[in-house]
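Nothing in this text is a laboratory measurement; each read-out follows from the coordinates by a stated rule. None of these values were measured; they are calculated from a predicted model. Neighbour counts run over all protein chains shown; Cβ positions are idealised from the backbone, glycine included.
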Ligand code: C2E
Ligand code: MG
Ligand code: MG
């Protein structure tokens, strides 16, 4: 049907109806019930749409093909919302469907049959992102984004299966010792086709689909294995900072996993510092995890301080060893007087609270000087070193 229209170069809208809660209805009420429910939805929609074609698509989605006429489209949207806005009555059950609508305009927004099909495939995730009862547009831009996302997901799966994620280390400079005294472990992903993929891009995706648990464990194991093999603490590195995702912190057995790996490689607990962000703090369980790790001697850093919604009570309430000033805060201070004053006070306050400071994003000798004058003890940034592979990191410590 769609292909015939595409073939004839007709212009039309595809309105994809995706029911966000259909899957959970099937899970709780069973397959048979959900089939009956779907039949009823189709019947009621057909009744409301009259002669306008309604199609079933894979993945419990439905689609309506409408000719390009704003009034007709509006009528269809209203009819669909009218049916699905009310609970479906099935026997003595009332079920409120959560319908998301995706409008794809052919050929203005999406130019080939393949794109139409891709947009339909992506309907769930597109509408899920900001489902607010409005009609979403399946634009070429969204398609490009979604295609990239599924490619990156594929690359991540492959990298996990083959163990080809890498861990880089970025040394952290101690102003008082005038040498590197710790380092941050940062994950790296490279693909033949896509090239370097930034963790800023793939970590949030891995957090969404749970893959972060395996990735996090891989990073922690790699770090512990390296520390133990190289006896890193004998090379002047007191601890390695490892980023811990909020999803990892939500695992009940997170402490067992971390202790288990440190024990396996006989890594002293005090040689590990876990970096968490304020999103993690927002969850109650962090307190528990922190306490259980701290009794062993593991320390914590509050990462990304100065971004988003930095909250003073967070650093008062939780026993952080280190506060890491985000590079954006550092950079902004270098170009804005008020921001510089705010930074100065922030540094003084953190010190007064007996916590250590790492300033991130130090790229120039001037920045180094200003931050040191302010009293920033630890400095991290390209001025000292970019994150580098293990071998290069070890060579730097020796040199
Ligand atoms: P983050 O934890 O705040 O890490 C610091 C980021 O700043 C790193 O980016 C580092 O390469 C970058 N950076 C350090 N100094 C400079 C500088 O002087 N100039 C500039 N332009 N950048 C600098 P990266 O490696 O791209 O990581 C981005 C974020 O991804 C990290 O931010 C962290 O939130 C996340 N991430 C990285 N590795 C892991 C990991 O193993 N686990 C988890 N959960 N998250 C990770
Ligand atoms: Mg970090
Ligand atoms: Mg940071």
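Figures for the structure shown
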quantity	calculated
Hydrodynamic radius (Kirkwood) for the range 151-233, which is based on Cα pairs only, to one decimal in Å	14.1 Å
Calculated FRET efficiency for the pair residue 178/residue 33, C-beta based, R₀ 56 Å, to 0.05	0.20
Highest to lowest packing among 272-281, 256-265, scored as the average C-beta count within 10 Å	272-281, 256-265
By average C-beta atoms within 10 angstrom, highest first, the peptides 172-184, 151-163	172-184, 151-163
Nearest 10 degrees, 0 to 90: helix 285-294 Cα axis against the chain principal axis	30 degrees
Convex hull of Cα atoms in the chain, direction-averaged projection (nm²)	25.2 nm²
Rounded to 5, percent antiparallel among DSSP beta bridges of the chain	60 percent
Packing-based ranking, highest mean first, of 370-380, 28-38 given that Cβ atoms within 10 Å are counted	370-380, 28-38
Degrees, to the nearest 10: 365-374 long Cα axis against longest axis of the chain	70 degrees
Helix 337-352 vs. the chain, principal-axis angle (Cα, 0 to 90°, nearest 10)	60 degrees
